[in-house]
Amino acid sequence: MSLDNHLLLRAIRKEPVERTPVWIMRQAGRYLPEYIKLKNQAGGFMNLIKNPELACEITLQPLERFNLDSAIIFSDILVITELFGIELEFIEKVGPVLSKTLRTEDDLKKINTDFDFEKVDYVYKTAKLLKTELNNKVPLIGFIGSPWTVATYIIEGNSTKNFSKVLNILKNDKIFLKSLLDTITKASINHLERQIKSGVDVTMVFDTWGGLLEGDLYEEFSLQYINAIHSSLKSYKKPMIYYIRNPYTKLVNIQKLDVDVVGIDSSITISEFNKGTGDKFCVQGNLDVEILKLSNNKIEEEVIKILSNINNTTGHIFNLGTGITPDIDPAKLKTLIDVLAKVSPRYTIK
Ligand code: CP3
């Protein structure tokens, strides 16, 4: 069977499906003991993603355990900061820490924007290895962060709860912010194009912090850059998934996106989302990860709630609303995937 007819790609095109396809954000990660073991052996997360053989093995771990309909390259949205000469470190219980921040035009002028993609070549090598290993069994997702979401980290320097520095720049130095976003966009297009050329079947843009921007600001500082990325890579004909949290207040804006799929968190139902965006997209999501801490019966109930909320299910890829967290028992994820395979045929258009 050609990959073009794979369940996930049919769902993206809103064609009939025999069951709802599923994959899980952060499906390779700390909730899996085999991940922790390999990470400790390698000496940390960055050592895993920088070693294509290990990154490939980690990517495949969840597919060996569960019946998943997609693989996603084991990497991070922040690796492109290395192109800016910023060193990236992930500290246990703290998250990403960047060796420097960019907060003014002068900071940006010091960066060599003639980017050397050899620095992140490990991502493309991992993609190539995965394409061989997967042998077209499931599609491979390649990804980037949205320019806005990556900019929040480059400005703040680490994970923040209040985003005070980036919001201050949004208010007081729009010119610098736009030059930074333009520069990140240029790097991101090139990085995603290289992943496509290494074999990825589907692309994804994570706009985790797009929800900080409202209305016109959202269009001006996030959405237009996503559409620029989409139009630059359109000729490759690879579907694009756009992920955002808290989309509720910006459905009319989101409708202006050119992407194929929108991934949403659990702050809104899929039917409300579809109504607000004119049924334009295939939707990915949107089970609350906390449900995976409840009984198997409750998990089944919540899966049915999502499926029955969408009329005539196609154009739906099942996923969580956010990434799976380290406190989830892998057995609960197996329950979710098995329950979905059992009940979703009742709700899909064949
Ligand atoms: O989903 C996958 O399995 C693919 C790999 C992937 C990772 N991060 C691996 C990772 C993907 C697609 C990402 C995306 C990412 N990275 C996002 C957008 C999605 C989201 O979660 O909202 C963001 C904001 C980041 C930046 C990032 N990476 C943070 C803030 C952190 C620390 C906090 C956390 O959630 O762990 C990371 C670390 C990270 N990225 C881990 C993994 C598996 C954990 C690393 C570890 O083992 O310590």
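Each reported figure results from applying straightforward, stated rules to the coordinates on display, with no laboratory input. Here the structure is a predicted model, which is why all the values come from computation and not from measurement. Glycine also receives a Cβ, built like all others from the backbone with ideal geometry; neighbour counts cover every protein chain displayed.
For every helix of n ≥ 4 consecutive DSSP H residues, a contribution of -39,500 (n - 2.57) applies; sum these over the chain, divide by its total residues, and give [θ] at 222 nm rounded to the nearest 500 deg cm²/dmol.
So the calculated ellipticity at 222 nm is -12500 deg cm²/dmol.
So which GluC sites (Glu not before Pro) in the stretch 75-126 are both in a DSSP loop and have at most 10 other Cβ atoms within 10 Å of their Cβ?
For GluC sites (Glu not before Pro) across the stretch 75-126 that sit outside H, G, I, E and B with at most 10 neighbouring Cβ atoms in 10 Å, the list reads GLU92.
Sort the following peptides by mean Cβ neighbour count (other Cβ atoms within 10 Å, averaged over residues), highest first: 65-75, 31-41, 266-276.
The peptides rank, most packed first, as 65-75, 266-276, 31-41.
What are the extents of the Cα atoms of the stretch 88-204 along their three principal axes, in Å, largest first?
Result for the stretch 88-204: principal-axis Cα extents of 50, 34, 21 Å.
Of THR203, THR20, THR325, which is the most mobile in a GNM of the chain whose springs link Cα atoms less than 10 angstrom apart?
THR325
Tell me the GluC sites (Glu not before Pro) within the stretch 144-227 that lie in a loop according to DSSP and have at most 11 other beta-carbon atoms within 10 Å.
GLU214
For the pair LYS234 and ASP329, what calculated FRET efficiency results from E = 1/(1 + (r/R0)^6), where r is the Cβ-Cβ distance and R0 = 51 Å, to the nearest 0.05?
0.75
Do you know the relative contact order of the chain, to the nearest whole percent, from alpha carbon pairs under 8 angstrom that are 6+ apart?
Reported relative contact order: 22 percent.
Kindly flag which residue pairs out of LYS109/LYS165; LYS93/LYS128; LYS109/LYS186 have an alpha-carbon separation exceeding 25 Å in this structure.
LYS93/LYS128
What are the trypsin sites (Lys or Arg not before Pro) within the stretch 213-247 that DSSP puts in a loop, where the Cβ has at most 10 other Cβ atoms within 10 Å?
Filter output for the stretch 213-247: LYS237.
Taking +1 at the Cβ of each Lys and Arg and -1 at the Cβ of each Asp and Glu, which of THR325, LEU292, ILE229 sits farthest along the dipole of the chain towards its positive end, judged by Cα position relative to the Cα centre?
About the Cα centre, the residue reaching furthest to the positive side is LEU292.
If you take the Cα Rg of the stretch 7-348 and divide it by 2.2 N^0.38 Å, with N the number of residues, what do you get?
Taking N as the residue count of the stretch 7-348, the ratio is 0.96.
Extent of the stretch 209-266 along each principal axis, from alpha carbon coordinates, in Å, largest to smallest?
31, 25, 18
Of LYS39/LYS293; LYS237/LYS275; LYS50/LYS137; LYS14/LYS298; LYS110/LYS178, which sit over 20 Å apart, Cα to Cα?
The pairs that break the limit, which is 20 Å between Cα atoms, are LYS39/LYS293; LYS237/LYS275; LYS50/LYS137; LYS14/LYS298.
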